[in-house]
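Notes for the one structure printed next.
The values are calculated or read from the model by the stated rules, or taken from the named source; none is laboratory data. Owing to the predicted nature of the structure, the values given are computational and were not obtained by experimental measurement. We place every Cβ from the backbone using ideal geometry, glycine too, and count neighbours over all the protein chains shown.
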Amino acid sequence: MPVPGWWPAFRAAHSRFATTARHRLLGPAVQLAHEGFPVHPYLFGELYTHRAELGAHPQAREAYLPHGSLVTPGDTLRQERLGRTLQRLRDEALDF
């Protein structure tokens, strides 16, 4: 999940050092966010540790507690909102 300042830092590094197009770099992240991946037991443990904080935020609940309970090992974790955001950044080169 991107953190504050991630996009400006990405853009600065990309403009200075990149040899690969932005859409090609962000494409796998967009795909992974939309399609999801199986929750690993370690990730589950971290999520479980922070379940109260995750439950306090609507966007975190949407991703990590999709049906009212925490995703468990083997569940597919999808982050549709993140996928849409990354897709817009990839396609529109927004300036935040």
| task | Could you please let me know if Phe37 is within 24 Å of Gln87 (Cβ to Cβ), at pLDDT 95 or above, of a type in the set (Phe, Trp, Tyr) and out of contact with any helix residue (DSSP H, G or I) (no Cβ under 7 Å at 6 or more places or on another chain)? | result | yes
| Across the stretch 65-87, which residue is nearest to the chain's Cα centre (by Cα) among those that are under 14 Å from Pro38 (Cβ atoms) and hydroxyl-bearing (Ser, Thr, Tyr)? | Thr76
| request: Just need a number here: residues in the stretch 25-46 that are surrounded by 12 or more Cβ atoms within 10 Å (Cβ to Cβ), in contact with a strand residue (DSSP E or B) (Cβ under 9 Å, 6 or more places away or on another chain) and in a helix (DSSP H, G or I). | output: 1
| remark: Checking Leu82, Leu70 in turn, the sole residue that is in contact with a helix residue (DSSP H, G or I) (Cβ under 6 Å, 6 or more places away or on another chain), among the hydrophobic types (A, V, I, L, M, F, W, C) and part of a loop (DSSP other than H, G, I, E, B) turns out to be Leu70
| field | Test set (1) farther than 21 Å from Glu92 by Cα; (2) out of contact with any Leu (no Cβ under 6 Å at 6 or more places or on another chain); (3) not aliphatic (A, V, I, L, M) - Arg51 fails condition number | value | (2)
| query | So which residues in the stretch 12-24 are surrounded by 10 or more Cβ atoms within 10 Å (Cβ to Cβ) and free of Cβ contacts under 8 Å to residues at least 24 places away in the same chain? | reply | Ala12, Ala13, His14, Ala18, Ala21, Arg24
| task | Using the structure shown, decide if His23 is modelled with pLDDT of 95 or more and of a type outside the set (Val, Ile, Thr). | result | no
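Among the residues of the stretch 61-82, write down those that are of a type in the set (Asp, Glu) and at pLDDT below 95.
Listed by number, the residues that qualify are Glu62, Glu80.
Within the stretch 40-65, how many residues are in contact with an Asp or Glu (Cβ under 9 Å, 6 or more places away or on another chain) and without any contact (Cβ under 8 Å) to a residue 12 or more places away in the chain?
Selection size over the stretch 40-65: 1.
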